[in-house]
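The values are calculated or read from the model by the stated rules, or taken from the named source; none is laboratory data. Please read all numbers here as calculations on a predicted model, not as lab measurements. No Cβ is skipped: glycine too gets one built from the backbone with ideal geometry, and neighbour counts run over all protein chains shown.
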Amino acid sequence: MSDGLGPETTADDQRAELAAAFDQELDPLAEYEVTFRQTDADAFGLFTTEVLASRNITQRTHDGYDRVFRQWRAFMAKQDRHPACPNEEHVKAFAHHELDTKDNHPDTVKEKLRKLNDLYRYWQDDPSFPHPQDYNPIALARAKITFADAERKEPPQIPIPEIRDVLESVTVLRDWAIIVLQLKLGLRATEVCNLQLADIALDHSDLTEHYPELGSNPYLADHENTIFIPHDRDGNKSPRPRLLPLDADLRSVLRRYLLIRPDTGGPHVFLSQSRHEPLQKEDVNTVWKDAFHPAYAETEHHRAVTSHYGRHYFTTYWRVQQDLNRELIRYMRGDAAGAVSIQERGGIDEYIHTYYEDIAEIYRERMFTVTV
């Protein structure tokens, strides 16, 4: 028996036909957008005040909700749609933007959608809002998105000579500095974006004269040729701050970049090339893709090389190739000391502490060189 549908009929076509047959709206929140734009009430702020404030959650969790809401607002602004009036396609597009453009892990994107769903369900339940009980675009989109678990694929193993070959093809000194920084310090993209001039102590008279704020972070008071990575800037996921050494190789790269860096008067180390604004996470990911793709794009056996590759490479180098103590690697990565949770930690783990002095000399002696 034929269902009356041609071979080219898509799922969207079928949904549109059903909506027309039953007099349903495929975008039921569109009619409320003008009213939301006209009112001064903050649909997001109400959730924060009435729901989050009543929960027994940490400040870190609270900040996580705020961060997701800011990202969602910014994304919807680019769609020219009020963030309280999404449809399913908006949610799908946001998820793919987070996965593909920003290179977020699937679990991270799932967590962001979970937070957005908490917010949407509040709007559905509160009689002040027009969101119908029988329509939830967050849940609908979440059920239809395939989150391919890229973590199941190993990153490719790229020998140092091949990395040097890739770097030779990078013509923008800023991009060169970003890639080398992440390879040699294991920094996340957000940590690169948040890096400020005050966080870098470089022993170079011309630079300190040009940038008086260079190395002025109090954490660097007794250190030279060292970088400070804070834990409390928006997007920095590491639970503890850390000092990391700058070997001769990385110092040379940073000096060359800082000498030609646009002097905007702003604090951030890395700036966009056109408007000289602080970089976003997706900008850093683009730097890596431009340098390493298509040669190191995703394959059947390996995940694509993206901005997170540096953190994998750094960790593998120290643990596998150098057989360094795990606690020292945790310190350099900014991980919490010991195991993941208190319940999993033995008594001795509570008394293990790692400091910059424990890794500085080892790092400078054994860190690989990427420039020639």
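I need the helices (runs of 4 or more DSSP H) fully contained in the stretch 157-202, keeping only those with at least 3 residues that are within 20 Å of D247 (Cβ to Cβ).
Numbers: elements: 160-169, 173-185, 189-194.
Of the helices (runs of 4 or more DSSP H) lying wholly inside the stretch 157-202, those with at least 3 residues that are within 20 Å of D247 (Cβ to Cβ) span 160-169, 173-185.
With respect to (1) at pLDDT 95 or above; (2) over 30 Å from S169 (Cβ atoms), the lone exception for G346 is condition (1).
Look at W318 and say whether it is aromatic (F, W, Y), free of Cβ contacts under 8 Å to residues at least 60 places away in the same chain and surrounded by 18 or more Cβ atoms within 10 Å (Cβ to Cβ). Judged against the criteria, W318 is a match. Residues that are surrounded by 14 or more Cβ atoms within 10 Å (Cβ to Cβ), within 17 Å of A143 (Cβ to Cβ) and not acidic (D, E) occur in the stretch 63-86; there is at least one. With the structure loaded, tell me whether R333 is in the same structural domain as L173 (by TED's automatic domain parsing) and surrounded by fewer than 13 Cβ atoms within 10 Å (Cβ to Cβ) or whether it fails that test. Here the answer is no, as R333 does not meet what is asked. Considering each of T49, T108 in turn, give the residue that is over 24 Å from the mean Cα position of the chain (by Cα), at pLDDT below 95 and of a type in the set (S, T, Y). Answer to the check: T49. When each of F36, F47 is tested for being surrounded by 12 or more Cβ atoms within 10 Å (Cβ to Cβ) and touching a His at 6+ places or on another chain (Cβ under 6 Å), the lone residue that passes is F36.
So that you can scan it fast, the table gives a plain yes or no per residue for (1) of a type outside the set (G, A, S); (2) modelled with pLDDT under 90:
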site	(1), (2)
S274	no, yes
E298	yes, yes
S341	no, yes
F368	yes, no
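Residues in the stretch 294-324 that are assigned to a loop (DSSP other than H, G, I, E, B), touching a Phe, Trp or Tyr at 6+ places or on another chain (Cβ under 7 Å) and closer than 20 Å to T354 by Cα: 1 in all.
Return a yes/no flag: does the stretch 14-22 have any residue that is assigned to a loop (DSSP other than H, G, I, E, B) and either touching a Ser or Thr at 6+ places or on another chain (Cβ under 6 Å) or within 30 Å of D232 (Cβ to Cβ) (or both). Within the stretch 14-22, none of the residues are assigned to a loop (DSSP other than H, G, I, E, B) and either touching a Ser or Thr at 6+ places or on another chain (Cβ under 6 Å) or within 30 Å of D232 (Cβ to Cβ) (or both). Each residue in the stretch 281-300 was checked for being of a type in the set (D, E, K, R) and without any contact (Cβ under 8 Å) to a residue 12 or more places away in the chain, and 1 of them qualify. Taking residues in the stretch 9-32 that are free of Cβ contacts under 8 Å to residues at least 12 places away in the same chain and more than 17 Å from K92 (Cα to Cα), and partners anywhere that are assigned to a helix (DSSP H, G or I) and of a type in the set (A, V, I, L, M, F, W, C), the pairs with Cβ atoms closer than 8 Å and at least 6 places apart or on different chains are Q24/L18; E25/A19. Could you tell me whether D100 is under 15 Å from the mean Cα position of the chain (by Cα) and of a type in the set (D, E)? Answer is yes for this residue. The requirement of being within 21 Å of V192 (Cα to Cα), part of a helix (DSSP H, G or I), modelled with pLDDT of 90 or more and small (G, A, S) is fulfilled nowhere in the stretch 327-337; no residue meets it.
Identify all residues within the stretch 226-274 that are in a loop (DSSP other than H, G, I, E, B) and over 23 Å from H210 (Cα atoms); write none if there are none.
From the stretch 226-274, those in a loop (DSSP other than H, G, I, E, B) are 230-241, 246-247, 261-267, 269-270, 272-274; that's our starting set.
Correct list: P230, H231, D232, R233, D234, G235, N236, K237, S238, P239, R240, P241.
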